[in-house]
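Here the structure comes first, spelled out in structure tokens, and everything after it is commentary.
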Amino acid sequence: MRHKRTSKFFIIREVRRRVKRVHRPVDLFDLAAETVEQISLLADEKSIVLEGPSGAHVVVQGDRDRLKQVIVNLIDNAIKYTPAGSRIAIAVEEAADRMAALSVADTGVGIARENLEFAFDRFYRVTTDRGEVGAGLGLAIVRSICAAHGGRVSVESKLGGGSTFLMEIPRA
Ligand SMILES: Nc1ncnc2c1ncn2[C@@H]1O[C@H](COP(=O)(O)OP(=O)(O)OP(=O)(O)O)[C@@H](O)[C@H]1O
Ligand SMILES: [Mg+2]
């Protein structure tokens, strides 16, 4: 009986949580700066320097927590798939068609052209001999959050030549 009541409570809480996800004005630059600051400890461990964010204060209409999840995932990947001692550049800018753009550029292992189309698929991981761990879910989550904001995520990459991930969502 008690168990039943508990699970019902959980369901209600989950529904409330979903409903609570209203979109409000979010300064993407401030959010990126805050995230870079927090994640820099992880970068330090690998002697990677997080540069930025550079750019401008661009405001979007969104869910701050979810947008932060995007930035965390992209920077986490950049750190994982870039050799120690390199730099990662984060930028926030206005883009064409009233879009806001956030980019994370690394100088890491890159992704082969034939694998690029799968990078955002659930559970997709390029096997490497470097032993980085992951579920292959990060970019799938990133893609769905960007879509939920009326935007998109894309990548430019070259095997061995680094990657630049770009999130674009409409400005407020
Ligand atoms: N910045 C990057 N440089 C090179 N390869 C990348 C980069 N970001 C992602 N990838 C490749 O795309 C795959 C999918 O990335 P994704 O973030 O979805 O999964 P993951 O990092 O392996 O695991 P998780 O994010 O769930 O911990 C990665 O396994 C990796 O092969
Ligand atoms: Mg990841």
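What number of residues in the range 136-153 are away from ligand 2 (no atom under 16 Å from the Cβ) and within 25 Å of Ser86 (Cβ to Cβ)?
Final tally of qualifying residues: 0.
For the range 70-108, filtered to residues that are buried (at least 21 other Cβ atoms within 10 Å of the Cβ) and in a loop (DSSP other than H, G, I, E, B), the residue that is farthest from ligand 1 (Cβ to nearest atom) is Thr82.
Residue-wise test of (1) within 8 Å of ligand 1 (Cβ to nearest atom); (2) in contact with a strand residue (DSSP E or B) (Cβ under 8 Å, 6 or more places away or on another chain); (3) under 25 Å from Lys46 (Cβ atoms); (4) of a type outside the set (Asp, Glu).
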| residue | (1), (2), (3), (4) |
| --- | --- |
| Glu117 | no, no, no, no |
| Tyr124 | yes, no, yes, yes |
| Gly138 | yes, no, yes, yes |
| Ser144 | no, no, no, yes |
| Gly150 | no, yes, no, yes |
| Val153 | no, yes, yes, yes |
| Leu159 | no, no, yes, yes |
| Gly162 | yes, yes, yes, yes |
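Just checking, does the range 113-135 include any residue being in a helix (DSSP H, G or I), within 16 Å of ligand 2 (Cβ to nearest atom) and within 21 Å of Arg171 (Cα to Cα)?
First, pick out the residues of the range 113-135 that are in a helix (DSSP H, G or I): 113-116.
Among the residues that remain, those that are also within 16 Å of ligand 2 (Cβ to nearest atom) are: 115-116.
Applying the additional criterion that residues be within 21 Å of Arg171 (Cα to Cα) yields none.
Checked against the condition, which is being in a helix (DSSP H, G or I), within 16 Å of ligand 2 (Cβ to nearest atom) and within 21 Å of Arg171 (Cα to Cα), the range 113-135 yields no hits at all.
Checking the condition away from ligand 1 (no atom under 16 Å from the Cβ), at pLDDT 95 or above and in a helix (DSSP H, G or I), which residue from Ser40, Ser54 passes?
Numbers: Ser54 fails: in a helix (DSSP H, G or I).
Sole residue among the options that is away from ligand 1 (no atom under 16 Å from the Cβ), at pLDDT 95 or above and in a helix (DSSP H, G or I): Ser40.
Taking the criterion of being surrounded by fewer than 18 Cβ atoms within 10 Å (Cβ to Cβ) and among the hydroxyl-bearing types (Ser, Thr, Tyr), would at least one residue in the range 52-65 satisfy it? Within the range 52-65 (the criterion being surrounded by fewer than 18 Cβ atoms within 10 Å (Cβ to Cβ) and among the hydroxyl-bearing types (Ser, Thr, Tyr)), the answer is yes, since at least one residue qualifies.
Contact map, the range 92-111: residues that are more than 16 Å from ligand 2 (Cβ to nearest atom) paired with residues that are assigned to a loop (DSSP other than H, G, I, E, B) and not polar (S, T, N, Q), Cβ distance under 6 Å, separation 6+ or inter-chain. Pairs shown: Val92/Val58; Glu94/Val58; Ala100/Val58; Thr107/Gly162. For Ile169, the requirement of being aliphatic (A, V, I, L, M), in contact with a Gly (Cβ under 8 Å, 6 or more places away or on another chain) and more than 9 Å from ligand 1 (Cβ to nearest atom) is met.
The values are calculated or read from the model by the stated rules, or taken from the named source; none is laboratory data. Values in this document were obtained by computation on a predicted structure and should not be read as measured data. Note: ideal-geometry Cβ built from the backbone for every residue, glycine included; neighbour counts use all protein chains shown.
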